[in-house]
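Following: one structure in structure tokens, then a few remarks.
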Amino acid sequence: AVAAAMRLGTVLSALRPALPLLLGLSLGCSLSLLRASWSHGAAEERCLAPGPPALPARGAPPEAAEGRPVPGHEDFRPRIVPYYRDPNKPYKKVLRTRYIQTELGFHERLFVAVLTSKATLNTLAVAVNKTVAHHFPRLLYFTGLRSAKVPHGMVLVAHGDERPIWLMYETMNYIHQHFGSDYDWFYIMQDDTYAQAEQVKALVTHLSINQDVYLGRAEEFIGGDEQARYCHGGFGYLLSRSLLLKLHPHLDSCRNEILSVRPDEWLGRCIIDFLGITCVSQLQGQHYRTYELAKNTEPEKEEEEEFQAALAVHPVSDMTLMYRLHKQFSRIQLDRVYQEIQDLQMQIRNLTALTPAGEAGVTWPVGINAPFLPKSRFEVISWDYFTEQHLFSCPDGSPKCELSGASKADVSEIIESAVEQLNRLYQPLLRFSKRQLLNGYRRFDPTRGMEYTLDLLLEAATQKGHSRVLAKRVSLVRPLSKVEIIPMPYVTEATRVQLVLPLTVQDLDFVANFLDMFAMNTLDTHDNALLTLLFIYHPYDAQRVGQVDVFAGVKAMVGELEKRYAEVKIPWISVKTEVPSQVKLMDIVSKKHPVDTLFFLASVWTEINMEFLNRCRMNTISNWQVFFPVHFQEFNPALVYRGEQTASSNTDFLRDGHFDRHSFAEACFYNSDYMTARTKLAADILDRDEVLESMEVFDVFLHYSGLHLFRAVEPGLVQKYTLRSCNPRLSEELYHRCVLSNLEGLASRSHLAMALFEQEQANST
């Protein structure tokens with residue numbers, strides 16, 4: 001009994017720390033079971049309780065109480081379509097749409113059609129294209145000319161008949177056929193109309209797409225019904241997609257039965273007669289405001305509220321007046337934006353004063369995110385020093401370079417803005433003029449934008465004519481504006497990748513590993529990738545190829561792979577040269593492949609994997625973008641680990657190395673893009689082929705193509721450490737980059753410092 005009591009005491013003492021946990025779990029489970037039983041009981045009582053049916057909410061139709069769909073509200077009720085598969089029919093793979101918005105039935109917002117003529121195509125239509133066209137998501141010009149010469153940057157649809165009614169009829173047919181299922185709203189305007197694009201886009205966002213809309217400046221028919229109205233074409237008008245779909249079947253009847261001189265009257269009569277819808281100038285609380293210009297109008301002097309609030313202005317007689325209107329309305333819109341910013345800043349100040357931080361919590365500038373606060377010294381954002389002539393933080397790593405291009409324009413604009421703001425603050429008491437920029441600092445803060453600190457030498461003049469030179473420090477911020485999603489062409493991961501591997505005699509020791517990784521990650525997985533080998537013979541080795549072929553071992557490995565994989569063929573190309581120029585080698589390969597081939601220019605140290613090949617496919621877009629990945633180069637293990645065991649953890653595979661930004665050996669691009677850029681290069685250098693020895697494929701695309709060059713770190717390309725041989729016969733820049741790549745690939749600074757420390761200790765002992 002004593003032994004049993006002792007054992008029980010031992011067990012209780014062992015379980016005592018866990019007793020609160022066990023009691024908590026038991027209590028929680030019990031309460032959850034009780035709550036579940038109560039909720040089920042209450043639900044059953046509500047479902048079974050007798051009594052009259054519940055009344056609908058105020059304003060809801062009686063069908064809503066019975067759970068039936070309400071007329072006019074079917075599009076807003078979620079519906080679950082049950083999946084049913086007929087067992088008697090063979091199974092077919094479901095083809096998904098290319099974009100999710102197509103599958104969900106989303107439409108683009110606004111389509112704009114501009115009616116033009118032979119007399120105004122090269123004048124007013126061009127002015128419309130230069131002022132407001134780029135503010136609309138899609139804009140097309142329609143004319144009745146047969147073979148019209150299209151001005152640069154315009155998309156023109158020619159119907160071949162200049163009769164106004166026929167032009168309107170063909171335009172409506174064309175819009176329905178090509179864009180009727182893609183857009184929610186259609187805005188029709190003439191080329192002698194100035195429309196505020198942003199106001200029109202804001203208008204359609206406040207209108208319901210579930211109604212038939214015919215919105216514009218309502219005009220009476222001559223001698224017609226007093227109630228019916230048509231929309232004046234000179235001020236533009238808005239049609240909804242539902243109205244366009246209903247109108248299209250009646251267009252032929254309208255063309256044959258309705259006689260009119262004006263196309264806008266003809267369209268209005270067609271809509272009224274067949275759909276019973278008249279033009280309105282106000283709908284759903286939104287007003288379509290217009291302004292009719294008088295002769296010899298001065299837009300800069302128009303201060304009427306009706307003019308400033310107008311969505312459309314008509315008639316515009318010439319191009320100069322169109323540009324002046326655009327300038328005036330842009331100034332009006334800019335003043336509104338500045339006033340809104342001031343109002344918002346005042347509200348922020350008033351609300352911040354009520355917070356626990358008080359007025360100290362107000363950031364500068366008001367409304368802009370506070371500066372980034374680093375949590376360690378590694379997160380500190382460094383400042384770049386500059387003057388009006390030089391930049392002391394250069395992209396190529398040099399300590400000093402000339403300020404030019406966009407950087408020079410940026411600095412000039414910032415200095416002008418600083419002086420302008422100072423004059424705005426101190427005038428009329430003082431007026432400042434710039435003498436010199438003493439010091440300039442800038443840094444990019446990803447949370448708020450580009451920050452500047454300027455030390456300016458200024459000359460301050462008073463109203464009485466006295467002047468004095470003084471130095472003043474100012475701070476400025478160029479905040480990040482609205483972030484936009486750049487549309488990119490559609491690409492897939494099914495594209496075949498053609499790997500190109502140049503090989504020299506110095507690369508023979510690494511070919512076996514490359515082929516093994518290629519077979520394991522592409523051939524075994526049946527990835528859609530092919531390989532072409534490029535054997536680069538030195539002239540001395542090429543003469544002895546009949547007796548001793550330096551690439552015989554590689555060709556034997558290729559033969560073994562072709563025997564193992566019967567469906568695979570690995571071709572090779574032999575080239576004799578002393579200077580293996582990347583461009584010259586690519587010229588040879590390009591001629592032997594179709595123009596739609598996707599090339600991946602690899603190096604012998606590259607370890608091919610499916611993850612990177614997919615990114616190569618997705619990041620390379622024909623006639624749009626080329627991809628130059630930055631591979632991860634592992635450090636020299638003899639310096640990093642110094643005899644210790646190499647870390648094998650998968651989470652640390654990118655730790656002991658660096659991304660080699662000096663190497664441009666890997667590249668993904670389409671053959672058609674390379675051929676286009678290469679043609680421009682050939683026209684520039686003529687017959688001076690020696691220039692090609694100082695260039696890489698990256699330089700060809702950078703200087704001789706208008707494509708996007710996507711240069712990004714690629715964690716899927718990991719290369720083991722090796723000391724690369726740098727060919728001294730290449731250009732000085734290429735040789736220098738190769739040497740820098742070798743030096744920076746040795747080890748990190750801490751590893752090099754530790755190696756030097758250990759060496760000094762060993763020498764001292």
Among the residues of segment 376-402, the number that are among the aliphatic types (A, V, I, L, M) and not in a loop (DSSP other than H, G, I, E, B) is 1
Exception for ARG163 within (1) over 18 Å from VAL132 (Cα atoms); (2) under 39 Å from the mean Cα position of the chain (by Cα) falls at (2)
**Asked** Being closer than 30 Å to THR363 by Cβ, surrounded by fewer than 11 Cβ atoms within 10 Å (Cβ to Cβ) and hydroxyl-bearing (Ser, Thr, Tyr), is that true of even one residue in segment 327-335?
**Response** no
The residue that is most open to solvent (accessible area, probe 1.4 Å), considering only those in segment 403-436 that are among the small types (Gly, Ala, Ser) and not in a helix (DSSP H, G or I), is SER404
Taking the stated definitions as given, is LEU501 assigned to a strand (DSSP E or B), modelled with pLDDT of 75 or more, surrounded by 10 or more Cβ atoms within 10 Å (Cβ to Cβ) and in the same structural domain as ASN623 (by the TED database)?
yes
Residue hits (segment 588-611; farther than 24 Å from MET557 by Cα and either without any contact (Cβ under 8 Å) to a residue 12 or more places away in the chain or open to solvent by less than 30 Å² (accessible area, probe 1.4 Å) (or both)) are SER590, LYS591, THR597, LEU598
Reported set for segment 701-726 where residues are in a loop (DSSP other than H, G, I, E, B) and either hydroxyl-bearing (Ser, Thr, Tyr) or exposed (fewer than 15 other Cβ atoms within 10 Å of the Cβ) (or both) is SER705, GLY706, LYS720, TYR721, THR722, LEU723, SER725
Report task. Determine whether segment 677-691 contains at least one residue that is assigned to a loop (DSSP other than H, G, I, E, B) and either open to solvent by less than 40 Å² (accessible area, probe 1.4 Å) or on the phi > 0 side of the Ramachandran plot (or both). Result -> yes
The condition from (1) outside the structural domain of HIS135 (by the TED database); (2) under 26 Å from HIS206 (Cα atoms) that PRO315 misses is numbered (2)
May I ask you to verify whether ILE165 is assigned to a strand (DSSP E or B) and closer than 17 Å to ARG262 by Cβ?
no
Only one of (1) within 23 Å of ASN173 (Cβ to Cβ); (2) surrounded by 21 or more Cβ atoms within 10 Å (Cβ to Cβ) does not apply to LEU124, and that is (1)
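For every residue, the table says whether it meets (1) open to solvent by 40 Å² or more (accessible area, probe 1.4 Å); (2) touching a residue at least 12 places away in the same chain (Cβ under 8 Å); (3) within 16 Å of THR193 (Cβ to Cβ).
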{"residue": "PRO263", "(1), (2), (3)": "no, yes, yes"}
{"residue": "VAL280", "(1), (2), (3)": "yes, yes, no"}
{"residue": "GLU298", "(1), (2), (3)": "yes, no, no"}
{"residue": "ASP318", "(1), (2), (3)": "yes, yes, yes"}
{"residue": "LEU325", "(1), (2), (3)": "no, yes, yes"}
Being open to solvent by 70 Å² or more (accessible area, probe 1.4 Å) and within 23 Å of LEU110 (Cβ to Cβ) narrows ARG289, ARG255, ARG241 down to just ARG289
Across segment 203-233, the tally of residues that are open to solvent by less than 40 Å² (accessible area, probe 1.4 Å) and either modelled with pLDDT of 95 or more or under 28 Å from PHE307 (Cβ atoms) (or both) stands at 13
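Identify, please: which residue in segment 124-137 is among the aliphatic types (A, V, I, L, M) and within 27 Å of the chain's Cα centre (by Cα) and is, among those, nearest to PRO263 (Cα to Cα)?
Only one residue fits best here, namely VAL128.
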(Q) Taking the criterion of being of a type in the set (Val, Ile, Thr), touching a Leu at 6+ places or on another chain (Cβ under 8 Å) and open to solvent by 50 Å² or more (accessible area, probe 1.4 Å), would at least one residue in segment 151-159 satisfy it? (A) yes
Of the residues in segment 238-271 that are of a type in the set (Val, Ile, Thr) and within 21 Å of MET189 (Cβ to Cβ), the one that is modelled with the lowest pLDDT is VAL261
>> Going residue by residue through segment 739-761, is there one that turns out to be open to solvent by 90 Å² or more (accessible area, probe 1.4 Å), in the same structural domain as ASN636 (by the TED database) and acidic (Asp, Glu)?
In response: no
Contact list, first residue from segment 178-189 and within 11 Å of LEU239 (Cα to Cα), second anywhere and in a loop (DSSP other than H, G, I, E, B) and hydrophobic (A, V, I, L, M, F, W, C), beta-carbon distance below 6 Å, six or more apart or interchain, is ASP184/ILE209
Here the residues within segment 437-455 that are more than 14 Å from TYR385 (Cα to Cα) and either without any contact (Cβ under 8 Å) to a residue 40 or more places away in the chain or open to solvent by less than 40 Å² (accessible area, probe 1.4 Å) (or both) are ASP445, ARG448, GLY449
Taking segment 231-257 and keeping residues in a helix (DSSP H, G or I), in contact with a Leu (Cβ under 9 Å, 6 or more places away or on another chain) and more than 13 Å from MET168 (Cβ to Cβ) leaves PHE235, LEU243, LYS246, HIS250
In segment 138-153, anything at pLDDT below 90 and within 36 Å of the chain's Cα centre (by Cα) is listed as ALA148, LYS149, VAL150, PRO151, HIS152, GLY153
| message | On the basis of being of a type outside the set (Gly, Ala, Ser) and closer than 26 Å to THR116 by Cβ, does LYS327 make the cut? | response | yes
Of the residues in segment 456-466, those that are surrounded by 12 or more Cβ atoms within 10 Å (Cβ to Cβ) and either touching a helix residue (DSSP H, G or I) at 6+ places or on another chain (Cβ under 6 Å) or of a type outside the set (A, V, I, L, M) (or both) come to GLU459, THR462
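Any idea which of THR522, THR495 is buried (at least 17 other Cβ atoms within 10 Å of the Cβ), hydroxyl-bearing (Ser, Thr, Tyr), in contact with a strand residue (DSSP E or B) (Cβ under 6 Å, 6 or more places away or on another chain) and at pLDDT below 90?
Sole residue among the options that is buried (at least 17 other Cβ atoms within 10 Å of the Cβ), hydroxyl-bearing (Ser, Thr, Tyr), in contact with a strand residue (DSSP E or B) (Cβ under 6 Å, 6 or more places away or on another chain) and at pLDDT below 90: THR495.
The values are calculated or read from the model by the stated rules, or taken from the named source; none is laboratory data. Here the structure is a predicted model, which is why all the values come from computation and not from measurement. FYI the Cβ positions are ideal-geometry reconstructions off the backbone, even for glycines, and counts take in every protein chain you see. These area figures cover heavy atoms from the full protein model, side chains too; ligands, DNA and RNA do not enter into them. Shrake-Rupley method; radii C 1.70, N 1.55, O 1.52, S 1.80 Å.
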